[in-house]
1. Let me confirm something: among 142, 112, which residue is of a type in the set (A, V, I, L, M) and either open to solvent by less than 20 Å² (accessible area, probe 1.4 Å) or in contact with a Phe, Trp or Tyr (Cβ under 6 Å, 6 or more places away or on another chain) (or both)?
2. Residues in region 42-62 that are closer than 17 Å to residue 111 by Cβ, out of contact with any Asp or Glu (no Cβ under 9 Å at 6 or more places or on another chain) and touching a residue at least 60 places away in the same chain (Cβ under 8 Å): how many?
3. Looking for whichever is of a type outside the set (Ser, Thr, Tyr), within 16 Å of the chain's Cα centre (by Cα) and assigned to a helix (DSSP H, G or I) here; the options are 157, 119. Which one fits?
4. Quick one: which of 66, 75 is open to solvent by 70 Å² or more (accessible area, probe 1.4 Å), at pLDDT 95 or above and under 9 Å from the mean Cα position of the chain (by Cα)?
5. Can you name the residue in region 78-109 that is of a type in the set (Gly, Ala, Ser) and crowded, with 18+ Cβ neighbours inside 10 Å and is also nearest to residue 157 (Cα to Cα) among such residues?
Amino acid sequence: MIALIAYPQYEIAKSAAGTKRARTLQAMAVSEDRLPTGGFAHLVPELDVFDLHRSITFWCDILGFRIAYQRPESRFVYLEFQGAQVMLRQHSGHWQTGVLERPLGRGINFQIFVGSVAPLLDALKNAGWPLYRECHDAWYRIAGEERGNRQFLVQDPDGYLLRFAQDLGKR
């Protein structure tokens, strides 16, 4: 079943229907009400956000995540991208264990492995979105060998730190 997101700013003006931005928004507006591809991951963070609309724009329009399913009445979306899964929920205080203030997620970064970081870097640059840390190659000692990542860090609209990494193999 396909449903339109019940968020007013994703309504698309007919005069803009042919633009790339309008096509992207239209793709975002259509949500398949389905389980995530491949089923649920074993660990899926649920992030409280202050402005769900702005977060959906960042995660979906800029980064390319897709909405697997949503609960508009709860202001909740379940997103996926190349096997990564994350839940976003408009902050309501329901799960709040302390004062929530920006930047959110202090002390954590979410590493998300992707096939290539280049398309994400291009999308962020085109959107004028700043990087928290520029793209670089990093090598880590793991089980007696070095494994490499090409990676960069970016903050989402609420300050959650996302580290996108591309596997460089071992050396």
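The values are calculated or read from the model by the stated rules, or taken from the named source; none is laboratory data. These numbers come from a predicted model, not from an experiment. Please note: Cβ atoms are built from the backbone with ideal geometry, for glycine as well, and neighbour counts cover all protein chains shown. Accessible surface areas use protein heavy atoms only, side chains included; no ligands, DNA or RNA. Shrake-Rupley method; radii C 1.70, N 1.55, O 1.52, S 1.80 Å.
1. Result: 112 is the single residue among 142, 112 that is of a type in the set (A, V, I, L, M) and either open to solvent by less than 20 Å² (accessible area, probe 1.4 Å) or in contact with a Phe, Trp or Tyr (Cβ under 6 Å, 6 or more places away or on another chain) (or both).
2. The qualifying residues number 1.
3. Answer to the selection: 119.
4. 66
5. 105
Results for (1) under 16 Å from the mean Cα position of the chain (by Cα); (2) at pLDDT 95 or above; (3) outside any strand (DSSP E or B), shown as yes or no for each residue.
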residue: 129; (1), (2), (3): yes, yes, yes
residue: 134; (1), (2), (3): no, yes, no
residue: 137; (1), (2), (3): no, yes, no
residue: 141; (1), (2), (3): no, yes, no
residue: 147; (1), (2), (3): no, yes, no
residue: 152; (1), (2), (3): yes, yes, no
residue: 164; (1), (2), (3): yes, yes, no
residue: 169; (1), (2), (3): no, yes, no
